[in-house]
Amino acid sequence: MCGISGFIDYNNNSSEATLKNITDTLTHRGPDAFGYKIFHENAYCLGLGHRRLSIIDLTESAAQPMKFNHFWITFNGEIYNFKEIKKELILLDHSFVSNSDTEIILHAYSQWGVDCVKKFIGMFAFVIYDSENKEIICFRDRAGVKPFFYYWHNGLFLFSSELKAFHKHPDFKKEINLSAVTSFMQYGNVPGTNCIFTNAFKLKPGHFLKFSLTNKTFEIFKYWSVYDSYNKPKSTISFFEAKTETEKLLKSAFDLRMVSDVPVGVFLSGGYDSSCLTALLQKDRAEKLKTFTISVPDIGLNEAPYAKEISDHLGTEHFEFECSEKEALTIIEDLPFFYDEPFADSSAIPTTLVCKMASQSVKVVLSADGGDEIFAGYNRYEYLMKYGNKLTNTPKFVRDGLANLMNSVPADKIPFLKNAFNFHNRYEKIKSVLKDPSPKTLVLELNKQFKDADLVKLLKNEPVGLQPSFLTEDFDSKLYSPLACMMAVDYDTYLVDDVLQKVDRASMSVGIESREPFLDHRIIEFVSKLPDEYKYFNGDKKRIVKEIVHQYLPKKMMDRPKMGFAIPIEKWLINELKPKVDHYLNEKEIEAQGIFNGSYVKQLCNSFYEGRKEYGVKIWHLLMFQMWYKKWMQ
C-alpha cells in the first residue's frame, strides 16, 4: 500500500522538484521510502512518483518507480496471488531480482499486455510507462479498493492516489465543479467517476486508461463489471452446496490477504462479517490472530463486550481500545486534509480512531467491508423485501397524504421512535420513498439527503446534479430481481464512493494498510449467481454467512441487533460542534462564497436548533463542505 503520483506535461513546465512536491503530499500513505523518476522528451516531460509503505519485500530491490526492459511502473496496492503468477512466468523464461509483487506486474504486462490484469487477485492502482510504444496505461482494481484520480487540461495530465497532490502542480486549475457540489449535498460524497474539480476525474473500478503520448489522447476500457456477474444465469445448486463452496472461497480469499512480510491484524467488531473473517482465519492457525476493537462508551458506540466474547471463544490475541468522546471530536479538525474531496460519512471518525489504535501493533489490518453488499446485510434490503410491494400497491393519494402529514410533524415529536438509532435521518428519507417506492427510486432516495426541491433553495446556481450510477441500465431484464438490483448497485456505487473511500483515507492517514478480503472478485462472481433466498430468507439477512459462522460460534452469541459505527451527529451539532456551525455556516461568509444561499442555510440551521433534528445530517453535509472549502480553496 502506497501513494502514487505523476504527470505528462506537454508544456514542459514541470521539473523534478515539481514531481517531488506533488509526491510528498502523500507521505502519510508511504512513510517508509520514496522514489522519483523524470523523463525529458522533445514533446513532453513525464514524471513518475512513489511513496512507499513497505509490506512485501522490505528490501531496496523492491523500490519504485521500478523498471523492466522498456517498462516503468509506479504501483499502489497488493497482488495477493503474485507467487502463483511468478511460477507461471518462470516457466515462460522470466527471471526476477526481487521478491515483490511490483516486479510481477511488470513482467506480467510485458508477457500478456493489458490482459495481465485478469490474472490479478488484489487491490491496486498502478501506472505503466511503455517508453518504446510511447504509452501510459493506468489500471484500477475491480472493486475500487484503491483510489485513482486524474486531471487533463491544457496539455497537462496529472494522476495521483489523492487529490491533494494536484494542488502542488503550478498549472493545476482548482475550479469547482458545481454539479459535483450538487451531488455531494445529496449523497455526502462526489459519486462515480466525477470529481469536485472541473477537468478532474476518478478512474472507474474495473477499468484501465490508455494514453497515447504521441497523439495526446486517451481511451478508457472496461475489463470487469459487477453487473456482468449478476447478468449470468442463476445457479441451481442446493443451499448446502452453495454454503460449502462459499466457505471455501471465503477461506481462500481470507488466507491470501494474510500474505505479508510485516505483522497483520483483523478488525473484530463482533458482527457476522468480521466474526466470519476471524473464525475462518483462526481455525487452522496455531499462532493467535491479533484482533482489534474500539469503543467510545460515552457516545453509545460499544461493541467491545461482544467482540471480547467472540475473541475468547475463537482464541485470538485481542486488543481493546476505549477512547472518549473528546478524542473522537478531535478527529473532525483533520478530516478536510485526509478527505481532500468533500466527504460527509461521519463514521470516518471511529474508522480513523480504530486504525490509529491498530497502527500501534500492526502494519496491515483486515477489514470485513463488502459483506453487506454481497450477502444482503443492509436494513434497506429488508425494507425492500418486506414493504416494497406493499408500498407499490398502496394508492398514490394515500402515500402522498402520509408524506404531507410527516412534513408537518417533526421527527422529534414522534413518541418512542424519536429515541431510536438514526430515526431522525430515516424519517426524512421515508417521505421521499412514499412518493415513489419502486426499487430504483428506493436505492436513489435512501442515499439522498437533500431533495431536489431543497437544492433549488440551497444553491445559487440552478442545481444540475451528476447522473447517478444508481440509475444504471446495465441489468439484463430477464435476470432482474429487485434485491439483486439493489445489491449490485450498492456494490458499484455506495461501496466505492463511500465505504472504500472512507477506509482508504482513514487507514492511510496513520500509515497502515487495510485489506478487504470480502472484495476478492471470485466471491461476488460466485455469490451473485446464487438465488436471492440464499442471501435473504424469511426476514433473515445474510443467511448463508450466518450458517457458516454458526459452525464456529454459538448462534446465541451472535443473535443481537446490528450496531454499526454510529456517531451522534445531531447531539454534537447542538452542543460541542455548535461553535463550528456558527463559524463555518455564518450567513455573511456563505453569501460571499457564492455557492449557497445564506438565508436558506440560516433558516435550515434555525429550524434544526428549534427542534427539527432530522435536519442534522443536512447541517453536517454543509459543515463538511465548508471545512473542506476553507482548507483547499481559501
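The values are calculated or read from the model by the stated rules, or taken from the named source; none is laboratory data. The model shown is predicted, which means the values in this text are computed figures rather than measured ones. Cβ sites come from the backbone with ideal geometry, for glycine too, and all protein chains shown count toward neighbours.
Across the stretch 16-48, what is the number of residues that are aliphatic (A, V, I, L, M), without any contact (Cβ under 8 Å) to a residue 40 or more places away in the chain and touching a Lys or Arg at 6+ places or on another chain (Cβ under 7 Å)? Step through it out loud before you land on a result.
Here is the first cut: in the stretch 16-48, the ones aliphatic (A, V, I, L, M) are 17, 19, 22, 26, 33, 38, 43, 46, 48.
Those still in the list that are without any contact (Cβ under 8 Å) to a residue 40 or more places away in the chain too: 17, 19, 33, 38.
From what's left, touching a Lys or Arg at 6+ places or on another chain (Cβ under 7 Å): 33.
Counting residues in the stretch 16-48 that are aliphatic (A, V, I, L, M), without any contact (Cβ under 8 Å) to a residue 40 or more places away in the chain and touching a Lys or Arg at 6+ places or on another chain (Cβ under 7 Å) gives 1.
Of all residues in the stretch 355-381, which are farther than 22 Å from Asn447 by Cα and assigned to a loop (DSSP other than H, G, I, E, B)? Please lay out each step first, then the result.
First, the residues of the stretch 355-381 that are farther than 22 Å from Asn447 by Cα: 355-367.
Selection gives Ser359, Gln360, Ser361, Val362, Lys363, Ser367.
When you scan the stretch 563-619, how many residues do you find that are within 17 Å of Gln634 (Cα to Cα) and not in a helix (DSSP H, G or I)?
Here the count works out to 5.
Only one of these conditions is not met by Phe166: (1) more than 21 Å from Trp72 (Cα to Cα); (2) not in a helix (DSSP H, G or I). Which number is it?
Of the numbered conditions (1) more than 21 Å from Trp72 (Cα to Cα); (2) not in a helix (DSSP H, G or I), the odd one out for Phe166 is (2).
Can you name the number of the only condition in (1) farther than 16 Å from Ser507 by Cα; (2) assigned to a strand (DSSP E or B) that Gly3 fails?
It fails just one condition, (1).
Within the stretch 494-506, is even one residue at pLDDT 95 or above, assigned by TED's automatic domain parsing to the domain that holds Phe267, of a type outside the set (Phe, Trp, Tyr) and assigned to a loop (DSSP other than H, G, I, E, B)?
No, because not a single residue in the stretch 494-506 is at pLDDT 95 or above, assigned by TED's automatic domain parsing to the domain that holds Phe267, of a type outside the set (Phe, Trp, Tyr) and assigned to a loop (DSSP other than H, G, I, E, B).
Take the stretch 515-544 and flag every residue that is outside any helix (DSSP H, G or I) and without any contact (Cβ under 8 Å) to a residue 60 or more places away in the chain.
Of the stretch 515-544, the ones outside any helix (DSSP H, G or I) are 515-516, 520, 528-531, 535-542.
Result: Phe537, Asn538, Asp540.
Which of the residues belonging to the stretch 315-331 are on the phi < 0 side of the Ramachandran plot and touching a Lys or Arg at 6+ places or on another chain (Cβ under 8 Å)? I'd like the intermediate steps shown before the answer.
First, pick out the residues of the stretch 315-331 that are on the phi < 0 side of the Ramachandran plot: 316-331.
Residues satisfying the conditions are Thr316, Glu317, His318, Phe319, Glu320.
For the structure I just gave you, tell me whether Arg380 is surrounded by 15 or more Cβ atoms within 10 Å (Cβ to Cβ) and either touching a Gly at 6+ places or on another chain (Cβ under 7 Å) or closer than 26 Å to Val549 by Cα (or both).
Numbers: surrounded by 15 or more Cβ atoms within 10 Å (Cβ to Cβ): yes; either touching a Gly at 6+ places or on another chain (Cβ under 7 Å) or closer than 26 Å to Val549 by Cα (or both): yes.
Here the answer is yes, as Arg380 does meet what is asked.
Residues of the stretch 587-608 being of a type outside the set (Gly, Ala, Ser) and touching a Lys or Arg at 6+ places or on another chain (Cβ under 7 Å), which ones? Give the derivation first.
Just the residues of the stretch 587-608 that are of a type outside the set (Gly, Ala, Ser), to begin with: 587-591, 593, 595-597, 600-606, 608.
Across the stretch 587-608, the qualifying residues are Glu587, Ile595, Phe596, Asn597, Tyr600, Leu604.
Quick check on the stretch 322-345: of everything there that is assigned to a loop (DSSP other than H, G, I, E, B) and out of contact with any Gly (no Cβ under 9 Å at 6 or more places or on another chain), which residue is farthest from Ser161 (Cα to Cα)? So that I can check it myself, show each step before the final result.
Taking the stretch 322-345 as the starting set, the residues that turn out to be assigned to a loop (DSSP other than H, G, I, E, B) are 323-324, 339-345.
Keeping just the survivors that are out of contact with any Gly (no Cβ under 9 Å at 6 or more places or on another chain) gives 323-324, 339-341.
Numbers: Cys323: 30, Ser324: 32, Tyr339: 12, Asp340: 11, Glu341: 12 Å.
Among those residues, the one meeting the criterion is Ser324.
Among the residues of the stretch 142-160, are any in a helix (DSSP H, G or I) and within 30 Å of Leu458 (Cα to Cα)? First the steps, then the outcome.
Step one: list which residues in the stretch 142-160 are in a helix (DSSP H, G or I), which gives none.
Scanning the stretch 142-160, I find no residue that is in a helix (DSSP H, G or I) and within 30 Å of Leu458 (Cα to Cα), so the answer is no.
Could you grab me the full set of residues in the stretch 74-88 that are surrounded by fewer than 21 Cβ atoms within 10 Å (Cβ to Cβ) and either touching a His at 6+ places or on another chain (Cβ under 7 Å) or of a type in the set (Lys, Arg) (or both)?
Lys83, Lys86, Lys87, listed by residue number.
Could you please find all residues in the stretch 89-114 being charged (D, E, K, R) and either closer than 29 Å to Leu366 by Cβ or buried (at least 16 other Cβ atoms within 10 Å of the Cβ) (or both)? Walk me through how you get there before you give the answer.
Initial filter on the stretch 89-114 (charged (D, E, K, R)): 93, 101, 103.
Correct list: Asp101, Glu103.
Only one of Ile79, Ile73, Ile104 is assigned by TED's automatic domain parsing to the domain that holds Lys216, in contact with a Lys or Arg (Cβ under 6 Å, 6 or more places away or on another chain), free of Cβ contacts under 8 Å to residues at least 60 places away in the same chain and within 25 Å of Ser514 (Cβ to Cβ). Can you tell me which?
On the way: Ile79 fails: in contact with a Lys or Arg (Cβ under 6 Å, 6 or more places away or on another chain); Ile73 fails: in contact with a Lys or Arg (Cβ under 6 Å, 6 or more places away or on another chain).
Going through Ile79, Ile73, Ile104 in turn, just one is assigned by TED's automatic domain parsing to the domain that holds Lys216, in contact with a Lys or Arg (Cβ under 6 Å, 6 or more places away or on another chain), free of Cβ contacts under 8 Å to residues at least 60 places away in the same chain and within 25 Å of Ser514 (Cβ to Cβ): Ile104.
Which of the residues that make up the stretch 326-348 are under 16 Å from Pro568 (Cβ atoms) and touching a residue at least 40 places away in the same chain (Cβ under 8 Å)?
Result: Ala328, Leu329, Ile332, Ala344, Asp345, Ser346, Ser347, Ala348.
For Leu249, only one of the following conditions fails: (1) touching a strand residue (DSSP E or B) at 6+ places or on another chain (Cβ under 9 Å); (2) under 27 Å from Pro147 (Cβ atoms). What is its number?
Evaluating Leu249 over (1) touching a strand residue (DSSP E or B) at 6+ places or on another chain (Cβ under 9 Å); (2) under 27 Å from Pro147 (Cβ atoms) leaves (1) as the failure.
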